[in-house]
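Q: First, the structure itself, so that you have it in front of you.
The values are calculated or read from the model by the stated rules, or taken from the named source; none is laboratory data. This structure is a prediction, so every number in the text was calculated from the model and none was measured. Ideal geometry is used to build each Cβ from the backbone, glycine not excepted, and the neighbour counts take in all protein chains shown. SASA here: full protein model, heavy atoms, side chains in, ligands and nucleic acids out. Shrake-Rupley method; radii C 1.70, N 1.55, O 1.52, S 1.80 Å.
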Amino acid sequence: MVVVNTTNHGGQHAHLVDALAAADPSVRLRAALAVGTRPDPQLTDALIDRCAVEPDFFVRDMLTWALCRLPAEITVPRLIRELGSDGSQARSQALHTLSKIGDPIAWPEVSALVHVQDDEVARSAWRAAVALVPAGDEGALAADLATELGRGELQMQLSLSRALTGLGEAVLPVLDAAGTSPNPRVRAHADATKQLWHDPDGGFALSHELAKRVAAIGPDA
């Protein structure tokens, strides 16, 4: 557990920093809301540090909102540095927050993480890369992400499918090419992703179909 040092964040904010680390998640949630309501750049590090260890989804979401309320020129460089952290959650949350801020300056560092071995970081990187990809580079990103087709189990594959469909029509020729792969898992994943592209509301049906295909093919195909 990382303990935030309140002395590093200014004495006037010590009570908020302490509240961000309170045992009660409702207290932490209210503290994150208070910080976002009255954004102060001096609390940037406290928010990012808390993102790295916060166990509650709703509190993490509020922390991200609070960070998005701060000037991007302050938060984005700090979040980019967080991408080099040893902690999986620290990197995942930094990627998530960068995708919400939408500053293209983070694109090189974000796109460099789409093939990391850590599944949670990779999933966050896929979503962030789609959010930040420069106009005109969607096809190149689609081709890069397509090399991950067939990776992992159902939820991992669904995450990649959703990221790929977020790239619009640029992904279709990439999926057509992947559909001819000698690897049956890649072919099945590419076909399921194409179905999702044509029917974005069919995610539930896709999950069952893809689950059956993955189970039938097996992990070592």
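Q: Keeping all protein chains in place and using 1.4 angstrom, which order do ILE80, ILE74, ILE105 fall into by accessible surface area, from largest down? List each step's numbers first, then the result.
A: Details: ILE80 35, ILE74 65, ILE105 105 Å².
So the residues, ranked largest to smallest area, are ILE105, ILE74, ILE80.
Q: Which of rounded, prolate or oblate describes the stretch 86-159 when judged by the alpha-carbon gyration tensor and an a/c cut-off of 1.5? Walk me through the numbers on the way to the answer.
A: Details: a/c = 1.95, a/b = 1.10, b/c = 1.76.
Oblate is the answer for the stretch 86-159, as a/c is 1.5 or above yet b/c matches or exceeds a/b.
Q: What 222 nm value per residue comes from the helices of the chain, counting each DSSP H run with n ≥ 4 as -39,500 (n - 2.57) and dividing by all residues, nearest 500 deg cm²/dmol?
A: Details: 13 runs with 142 residues, N = 221.
About -19500 deg cm²/dmol.
Q: I've got another one for you. Could you tell me which of GLN195, PRO184, ALA170 has its Cα farthest along the dipole of the stretch 127-200 towards the positive end, charges placed at Cβ (Lys, Arg +1; Asp, Glu -1), taken about the Cα centre?
A: PRO184
Q: Using the Cα gyration tensor of the stretch 121-193, with a ≥ b ≥ c the square roots of its eigenvalues, what is the shape: rounded (a/c below 1.5), prolate (a/b larger than b/c) or oblate (neither)? Display every interim value, and only then the final one.
A: Details: a/c = 2.16, a/b = 1.25, b/c = 1.72.
Judged from the Cα gyration tensor, the stretch 121-193 comes out oblate (a/c at least 1.5, b/c at or above a/b).
Q: Compute, for the stretch 41-128, the length of the dipole vector about the Cα centre, with Cβ point charges of +1 (Lys, Arg) and -1 (Asp, Glu) only. Units Debye, rounded to 20. Before the final figure, lay out each step's value.
A: Values: 9 positive and 13 negative charges, 44 e Å.
In total the dipole reaches around 220 debye.
Q: Would you mind getting me the FRET efficiency between VAL116 and ASP45? Use the beta-carbon distance for r and R0 = 35 Å, nearest 0.05. Write down the numbers at each step before the final one.
A: Numbers: r = 24 Å, r/R0 = 0.69.
Once rounded, the FRET efficiency stands at 0.90.
Q: Using 7 Å Cα-to-Cβ label points, what is the GLU169/ARG151 separation (nm, one decimal)?
A: Going from the GLU169 label point to the ARG151 one covers 2.8 nm.
Q: Would the stretch 18-85 count as rounded, prolate or oblate if I go by the C-alpha gyration tensor, calling it rounded below 1.5 in a/c and otherwise prolate when a/b exceeds b/c, oblate otherwise? Walk me through the numbers before you get to the answer.
A: On the way: a/c = 2.08, a/b = 1.37, b/c = 1.52.
The shape class here is oblate.
Q: Kindly state, to the nearest 0.05, the FRET efficiency for ALA34 paired with SER88, given R0 = 30 Å and r defined as their beta-carbon distance. Intermediate results must be reported in sequence, preceding the final value.
A: Details: r = 28 Å, r/R0 = 0.93.
Result of the calculation: an efficiency of 0.60.
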